[in-house]
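None of the figures in this text is laboratory data; all of them are computed from the coordinates on show. Bear in mind that the values here come from a model prediction, so they are computed numbers and not experimental data. Ideal geometry is used to build each Cβ from the backbone, glycine not excepted, and the neighbour counts take in all protein chains shown.
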Amino acid sequence: MLNTITLFIGITLMYSTPLVFGGLGGMISERSGVVNIGIEGMMTVGAAVAVVAGIGTGNPWLAFLAAGLAGGLVALLHAFASITCKADQTISGIAINLMGAGIALFLCRLVFNA
């Protein structure tokens, strides 16, 4: 019984970590005055690029760095659309979410020949 509870707590913490990081990022951006709906898309693009970089190089630290850079570039795209082009932040965030899923699917099909 204790082993099952310990396993349940461990699995819960493992799967909830990305959600907590996304929630913290959303809270920080909301506190700064930015409506960032596109956090999920940024994380999806970062994860897809990490997979591609990890398979391509075999180095997990390089994949980690590539994921951060890819997420940062998508965030830069959101900032460019919202600030320079004066687009609505909510619409730009939704577009980034849709684009993130499409980029992830494209990269996975490209890498795994599916």
Cα convex hull volume per residue for the chain, in Å³, equals 138 Å³
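Any idea what the relative contact order of the chain is, in percent, if you count C-alpha pairs under 8 Å spaced at least 6 apart?
Averaging sequence separation for qualifying contacts and normalising by length gives 30 percent for the chain.
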Rounded to 0.05, the calculated FRET efficiency for the beta carbons of L110 and L19 at R₀ = 35 Å is 0.80
Between T4 and S32, how many nm apart are label points set 7 Å from Cα along the C-beta direction? 4.6 nm
Taking only DSSP H segments of four or more residues, each worth -39500 (n - 2.57), what value at 222 nm results for the chain once the sum is divided by all its residues, to the nearest 500 deg cm²/dmol? -28500 deg cm²/dmol
So, in nm, how far is label A79 from label L98 when the simple model puts each one 7 Å beyond its Cα toward the Cβ? 2.5 nm
